[in-house]
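Structure record follows, encoded as structure tokens.
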Amino acid sequence: MRPFDDTPLARDGKVLILAYDHGLEHGPVDFEDVPESANPEHVFDVATHPAVTGLAVQKGVAEAYYPEYDDVTLLAKLNGTSNLWTGEPDSAVNWSVGYAADVGADAVGFTLYGGSNHEVEMAEEFREAQEGAREHDLPVVMWSYPRGQGVKNDTKPGVIAYAARQALELGADVAKVKYPGSRAGMEEVVEMAGPTKVIMSGGSKADDRAFLERVRAVMDAGGAGLAVGRNVFQRDDPEAILDALEQVIFEDASVDAALAER
């Protein structure tokens with residue numbers, strides 16, 4: 001396996017994934033504020049921004065749209081479940097690593113719900129995906145989200161640090177985790193992840209400054225970047241926030257400097 005920093009998913013060792021698996025995971029509600037974001041072509045166009053190191057999509061979107069956007073780094077999100085599901089957190093495996101590689105994927109992503117009653121089977125499914133990715137020389141991003149009956153508070157820094165540690169222990173190259181609320185909390189998360197890169201989940205749309213300050217805290221804590229969806233594609237001008245994120249993540253700019261460049 002080549003070093004992660006030599007893969008298309010990294011730029012100078014840092015990562016900015018544009019996540020667009022929301023149509024399956026959340027449904028139409030995530031597109032209501034900016035209706036054109038329901039059109040995958042719109043988001044693929046956004047993903048051509050130089051700050052974006054990968055676009056995460058599900059199988060059907062990749063099949064239908066990626067052939068026209070082969071300049072985009074494709075991250076195949078291998079599992080996902082609709083918001084209509086009401087059972088204990090789980091995520092169906094929707095395509096194989098081999099098929100994702102055939103479609104043209106440059107990396108794969110996989111959700112693990114640590115603490116769910118389905119954690120054991122999800123970890124076994126991740127093992128198959130991770131080993132398949134190694135055979136195809138593809139980096140692996142774990143959406144590591146403690147959730148379910150075994151988790152009382154999924155926002156506690158210690159719980160999020162455990163999620164990052166699971167990603168390391170199970171062989172992920174990148175751990176996508178929630179923001180633990182502070183730089184100090186993120187430092188603990190990064191320490192527990194060891195060589196596994198830690199990136200923050202962007203979450204729901206937030207004020208520009210508040211959002212960028214969280215990203216700045218992640219970078220200052222030793223994090224590698226961000227996986228963001230709604231905080232980009234729910235905006236009328238997604239390129240502007242990507243310009244600012246490029247400054248903070250890749251140019252080590254302050255929030256004030258990044259906002260002044262817009």
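With the requirement that a residue be without any contact (Cβ under 8 Å) to a residue 60 or more places away in the chain, surrounded by 18 or more Cβ atoms within 10 Å (Cβ to Cβ) and of a type in the set (Lys, Arg), what does the range 148-177 give you?
Hit for the range 148-177 is ARG165, nothing else.
So is TYR99 outside any loop (DSSP other than H, G, I, E, B), among the hydroxyl-bearing types (Ser, Thr, Tyr), modelled with pLDDT of 95 or more and under 19 Å from the mean Cα position of the chain (by Cα) or not?
Details: outside any loop (DSSP other than H, G, I, E, B): yes; among the hydroxyl-bearing types (Ser, Thr, Tyr): yes; modelled with pLDDT of 95 or more: yes; under 19 Å from the mean Cα position of the chain (by Cα): no.
So TYR99 fails the test.
Somewhere in the range 224-235, is a residue in contact with a Pro (Cβ under 9 Å, 6 or more places away or on another chain) and either of a type in the set (Val, Ile, Thr) or within 23 Å of LEU168 (Cβ to Cβ) (or both)?
Scanning the range 224-235 turns up at least one residue that is in contact with a Pro (Cβ under 9 Å, 6 or more places away or on another chain) and either of a type in the set (Val, Ile, Thr) or within 23 Å of LEU168 (Cβ to Cβ) (or both).
Determine whether THR111 is within 26 Å of GLY222 (Cβ to Cβ) and assigned to a strand (DSSP E or B).
Yes: the conditions hold for THR111.
Checking ALA244 against (1) touching a Gly at 6+ places or on another chain (Cβ under 6 Å); (2) more than 22 Å from ASP21 (Cα to Cα), which test does it fail?
Unmet condition: (1).
The values are calculated or read from the model by the stated rules, or taken from the named source; none is laboratory data. Just so it is clear, the structure is predicted and the values come from calculations on it, not from any experiment. Please note: Cβ atoms are built from the backbone with ideal geometry, for glycine as well, and neighbour counts cover all protein chains shown.
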